[in-house]
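Read the structure below first, then the notes.
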Amino acid sequence: MLEELNSSQREAATHIDGPLLILAGAGSGKTKTLTTRLAYLIGEIGIDPLNTLTLTFTNKAASEMRQRALKLIDSSVSAMPLLSTFHKFGLLFLKLHISKLNRKNTFNIIDSDDQKRMVKSICKDLKVDLPTSFLTHEISKYKNILLDPQEALENAELSDYKKAAKVYVEYQRRLLENNLVDFDDLLALTYKILLENDDLRQETSNRYQYIMVDEYQDTNELQYQLLRLLASEHNNLCVVGDDDQSIYGWRGANIRNILEFHKHFENVKVVKLETNYRSTQEILDAANNLIEHNRKRLGKKLISYKGSGEPVRVLHSIDEVYEANTIASEIQELIAKGVNPSEIAVLYRINALSRSLEEGFSKAGLAFKLIGGIRFYERAEIKDIISYLRVISNSDDDFSLLRIINKPKRGIGKTSIEKIQRFAELKNLSIFQALNTASDEELQSILSKKAITAIRKFIEEIKLLQSEKEELAELINLFDVHTGLREYYNSMIDGFERVLNIDEFFGYFRDAIINDPEITLEKFLADITLQSDQDQVEEDAINIMSVHASKGLEFEHLYIIGLEEEFFPLLGETTDIEEERRLAYVAFTRAKESLTLCYIDSRFYRGKRKNVKMSRFLGESGVIKNTSLKLTKSVEYKKGDLVKHKVFGIGRVQEVSKSGKEYKLKINFGGNKKEILSSFVESI
């Protein structure tokens with residue numbers, strides 16, 4: 001089995017004792033290396049399979065690794081090695097040891113829907129008016145940074161976070177009271193038991209003498225601390241990962257876990273897997289050039305096993321419609337040459353960009369499937385807008401009205417809606433007409449005073465928007481003000497993406513009005529219905545997906561769209577430009593034979609068409625030469641960094657420019673802006 005490995009893979013697979021970091025570049029055979037190492041320990045060295053523990057992030061990955069490892073191991077082995085996800089391991093551990101917390105092992109695990117229902121109930125009791133998605137996210141975050149409810153309460157400063165901490169306290173109390181655990185508890189409670197019971201920690205660590213972890217760059221603080229305890233007696237911890245593919249910071253992944261592995265454990269052996277078996281050298285050159293601009297990385301350079309191929313192409317279009325049509329046309333040519341559509345993919349950084357592709361491909365008759373996402377017109381926020389527009393167009397549309405009558409929330413609950421439906425049926429009218437013509441006395445017989453006020457306001461808002469039905473541009477302007485949908489979705493955890501989808505929709509609506517000044521609301525809605533009701537695609541279809549969804553996949557022919565500043569990289573107050581660059585690196589390295597990078601001159605942004613600039617990544621990857629793009633390679637400081645000056649104190653870098661052999665920084669020291677050479681400040 002070792003003969004099938006290259007020299008670096010073999011070096012990693014035959015390492016036995018002590019901490020090992022396998023720095024595995026994209027397409028470098030990390031799974032093969034990891035499974036061979038497991039088979040080598042069991043089949044060649046003679047390690048008892050029960051003394052091994054291999055942890056992954058998904059059941060699919062665990063299943064694949066188990067099958068591949070077992071093929072390499074002699075069938076006469078005494079037992080099966082434990083290969084599981086982190087959370088499955090936590091569940092097995094708690095079933096054996098949760099009694100250490102004075103709890104019964106008959107606990108039940110609540111899923112995300114149960115969790116939301118419990119949080120909603122707590123909010124009602126505590127009179128907390130915050131989005132459920134925000135609160136469940138905060139509770140999960142607290143558990144994964146090892147913050148118990150009381151600590152969260154003591155540390156909270158802002159009002160919303162104080163409320164969230166109070167909900168966390170009550171949430172945890174109810175879990176205990178009902179002997180329930182949530183998904184995060186599977187690891188948090190396992191860690192707590194091991195930390196507080198030294199004998200059990202020693203026993204568990206001595207049982208799992210050889211621990212291996214896949215995708216280590218995606219581990220969070222809790223997973224890292226748990227691994228420290230599990231490996232505490234022997235330090236035989238082998239982790240596999242790629243710091244250049246750490247793209248889940250927003251989900252709690254801590255890139256420092258892999259970057260500082262050599263600091264966390266003594267005498268770490270590092271093996272770099274740099275031979276890429278997936279892509280041509282031209283694709284890897286672009287990826288290598290790009291990622292070298294990141295400062296926080298351990299450093300490696302991918303070399304293609306396949307050798308040279310086609311140059312990386314740049315597709316420049318005037319707008320997203322032209323871009324989608326051009327890509328569709330090129331894909332038709334590829335398919336005509338015999339390329340299987342499933343070997344073709346189009347990636348984007350922002351989900352809202354899928355709309356133009358979906359429409360362009362549909363018009364061209366190309367079968368496509370949206371991977372890991374929801375089609376544009378099927379997204380909740382878009383369906384809500386369309387339902388509002390349908391009611392404005394036809395107030396007798398009960399189906400659409402029932403979708404939006406309590407969205408955003410108006411205090412019109414399920415029981416009230418059922419009473420309203422019965423009321424309309426008795427009057428033999430549509431719901432809108434029944435409510436619009438009902439007297440106060442009639443409504444008081446079925447609804448509370450609060451619900452009646454909300455209903456009256458809702459009806460008036462619909463009537464006001466109906467009065468602008470002939471002036472569609474004005475209808476769009478008034479829509480946000482009178483529906484509150486944008487504000488409602490903006491308050492959610494994924495609000496940024498949802499608002500971008502809303503902006504994309506209204507940008508498309510405005511464009512439709514410009515292209516056809518005579519268009520009616522009815523015609524616009526009919527066109528959308530035709531676009532969104534495509535037949536289900538066949539298996540052999542082009543793949544459309546976000547870059548995040550593409551991780552772990554590969555395609556012969558790849559297009560990446562939206563390579564413009566503010567779209568890819570996505571820019572904002574919380575942007576981590578290095579993570580954006582890692583995302584682009586992941587995207588580039590999905591391509592096997594051909595890679596086409598696409599950018600356009602104008603795009604819908606915040607609901608309006610505006611000119612956009614090409615992405616800095618095109619210059620940084622070397623695919624566009626002699627551009628005026630600012631490269632950030634080797635810059636010691638970047639915009640947004642916090643620095644300290646011996647006189648002015650702490651400030652934030654606003655601009656970086658070259659000055660001789662060093663850099664000149666424009667720094668805001670609490671309103672006092674200064675230009676200072678970089679050698680006179682230090683990073684915080």
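The values are calculated or read from the model by the stated rules, or taken from the named source; none is laboratory data. Since the model is a prediction, treat every value here as computed from it, not as a measurement. Because the Cβ atoms are built from the backbone with ideal geometry, glycine has one as well, and the counts that use them run over all protein chains shown. Ligands, DNA and RNA are excluded from the accessible area calculation, which covers all protein heavy atoms including side chains. Shrake-Rupley method; radii C 1.70, N 1.55, O 1.52, S 1.80 Å.
Quick rundown of the values:
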{"read-out": "Paired Rg and Dmax values of the range 1-153, which use every Cα atom, in angstrom", "value": "21.1, 66"}
{"read-out": "Projected label distance in nm at L426 and E154, using a 7 Å step from Cα toward the beta-carbon", "value": "5.8 nm"}
{"read-out": "222 nm mean residue ellipticity, helices alone, for the chain (DSSP H n ≥ 4; -39,500 (n - 2.57); rounded to 500)", "value": "-14000 deg cm²/dmol"}
{"read-out": "Carbon/sulfur fraction of accessible area - the chain, other protein chains in place, 1.4 Å, %", "value": "48 percent"}
{"read-out": "Solvent-accessible surface ranking, highest first, for D397, D129 at 1.4 angstrom", "value": "D129, D397"}
{"read-out": "The range 399-557: Cα Rg divided by the 2.2 N^0.38 Å rule of thumb", "value": "1.34"}
{"read-out": "Extension gain from A364 to A526, taking 0.36 nm per residue of separation minus the Cα-Cα distance", "value": "56.4 nm"}
{"read-out": "Per-residue HN-Hα couplings for the range 41-58 [Karplus 6.51, -1.76, 1.60; θ = phi - 60°; Hz; x = Gly/Pro]", "value": "4, 7, x, 10, 7, x, 6, 4, x, 5, 8, 10, 9, 10, 10, 10, 9, 10"}
{"read-out": "Three semi-axes of the equivalent ellipsoid, the range 360-486, Cα gyration tensor, whole Å, largest first", "value": "31, 17, 14"}
{"read-out": "Largest-first principal axis extents, alpha carbons of the chain, Å", "value": "84, 67, 66"}
{"read-out": "For the chain, with +1 on Lys and Arg beta carbons and -1 on Asp and Glu, the positive-most of G670, N325, S304 along the dipole", "value": "G670"}
{"read-out": "Sequence ranges 320-331, 62-73, ranked by mean other-Cβ count within 10 angstrom, highest first", "value": "320-331, 62-73"}
{"read-out": "Longest to shortest principal axis, alpha-carbon extents of the range 574-630, angstrom", "value": "36, 29, 24"}
{"read-out": "Stretchable slack from K116 to K613, in nm (0.36 nm times residue separation minus alpha-carbon distance)", "value": "174.8 nm"}
{"read-out": "Relative pair counts by distance (%), Cα atoms of the range 286-396, 10 Å bins", "value": "10, 28, 29, 22, 7, 3, 0"}
{"read-out": "Options S393, I122, I455, ranked by Cα towards positive dipole end of the chain, top entry (Cβ charges)", "value": "I122"}
{"read-out": "Fraction of alpha-carbon pairs over 15 Å apart in the range 212-295 - percent", "value": "64 percent"}
{"read-out": "Rounded to whole Hz, the Karplus (6.51, -1.76, 1.60) HN-Hα couplings of the range 401-414, x for glycine and proline", "value": "5, 5, 5, 10, 4, 10, 9, x, 4, 10, x, 9, x, 4"}
{"read-out": "Counting DSSP beta bridges with both ends in the chain, the antiparallel % (nearest 5)", "value": "35 percent"}
{"read-out": "For the range 358-399 versus the range 173-223, the gap between their alpha-carbon centres in whole angstrom", "value": "43 Å"}
{"read-out": "All aspartates and glutamates inside 14 Å of K124 as judged from Cα atoms, apart from same-chain residues fewer than 8 positions distant", "value": "E170"}
{"read-out": "log10 of Debye I(q)/I(0), alpha-carbon scatterers only, for the range 393-441 at 0.16, 0.20, 0.21, 0.28 Å⁻¹", "value": "-0.43, -0.68, -0.75, -1.22"}
{"read-out": "Percent of Cα-Cα distances greater than 15 Å, calculated over the range 332-433", "value": "72 percent"}
{"read-out": "Rounded, prolate or oblate (a/c below 1.5 giving rounded, otherwise prolate when a/b exceeds b/c) for the range 438-530 by Cα gyration tensor", "value": "oblate"}
{"read-out": "Spread of Cα-to-Cα distances over 5 Å intervals beginning at zero, given as percent, for the range 292-356", "value": "3, 11, 14, 18, 19, 14, 12, 7, 1"}
{"read-out": "Estimated FRET transfer efficiency when R0 is 22 angstrom, pair E4-V270 (beta carbons, to 0.05)", "value": "0.45"}
{"read-out": "³J(HN,Hα), Karplus 6.51/-1.76/1.60, whole Hz, each residue of the range 13-19, x for Gly, Pro", "value": "5, 9, 6, 9, 9, x, x"}
{"read-out": "Lys, Arg +1 and Asp, Glu -1 on Cβ, resulting dipole of the range 254-297 about Cα centre, debye, nearest 20", "value": "240 debye"}
{"read-out": "Selection from Y377, G249, I542 lying farthest towards where the dipole of the chain points positive, charges on Cβ", "value": "G249"}
{"read-out": "Accessible surface, 1.4 Å probe, highest first, among residues T415, T56", "value": "T415, T56"}
{"read-out": "Cα-based radius of gyration of the range 156-197 once divided by 2.2 N^0.38 Å, which approximates compact folds", "value": "1.39"}
{"read-out": "Computed label-point distance, nm, for sites N436 and T415 using a 7 Å Cα→Cβ extension", "value": "3.0 nm"}
{"read-out": "Cross-link table K32/K337; K95/K192; K143/K296; K116/K407, entries beyond 24 Å C-alpha to C-alpha", "value": "K32/K337; K143/K296"}
{"read-out": "Gyration tensor (Cα) of the range 263-318, equivalent ellipsoid semi-axes in angstrom", "value": "30, 16, 6"}
{"read-out": "Cβ-placed point charges (K, R +1; D, E -1), dipole of the chain about Cα centre in debye, nearest 20", "value": "1740 debye"}
{"read-out": "Reduced Cα scattering model of the range 168-275, Debye log10 I(q)/I(0), q = 0.14, 0.15 Å⁻¹", "value": "-0.66, -0.75"}
{"read-out": "Convex hull volume per residue in cubic angstrom - Cα atoms of the range 144-223", "value": "123 Å³"}
{"read-out": "Whole-Å semi-axes of the ellipsoid equivalent to the range 208-363 (Cα gyration tensor, √5λ, descending)", "value": "40, 19, 15"}
{"read-out": "Solvent-accessible heavy-atom area per residue, rounded to whole Å², over the range 344-455 at 1.4 Å", "value": "43 Å²"}
{"read-out": "Ranked order, I45, I374 - accessible area, probe 1.4 Å, largest first", "value": "I374, I45"}
{"read-out": "Two-site FRET efficiency, T574 against D396, from Cβ-Cβ distance with R₀ of 41 Å, rounded to 0.05", "value": "0.35"}
{"read-out": "Solvent-accessible area of T520 with every protein chain in place, 1.4 Å probe, in Å² to the nearest 10", "value": "60 Å²"}
{"read-out": "Over 17 Å [Cα-Cα, the range 104-240], rounded percent", "value": "64 percent"}
{"read-out": "Rg(Cα) / (2.2 N^0.38 Å) computed for the range 7-62, rounded to two decimals", "value": "1.15"}
{"read-out": "Residues with amide H under 5 Å from that of C238, placed H, sequence gap 5 or more", "value": "L20, I211, M212, V213"}
{"read-out": "Long-range amide H partners of N276 with built H, under 5 Å", "value": "I303, S304, Y305"}
{"read-out": "At 1.306 mPa s and 10 °C, Stokes diffusion of the range 429-469 via Kirkwood alpha-carbon radius, µm² per second", "value": "148 µm²/s"}
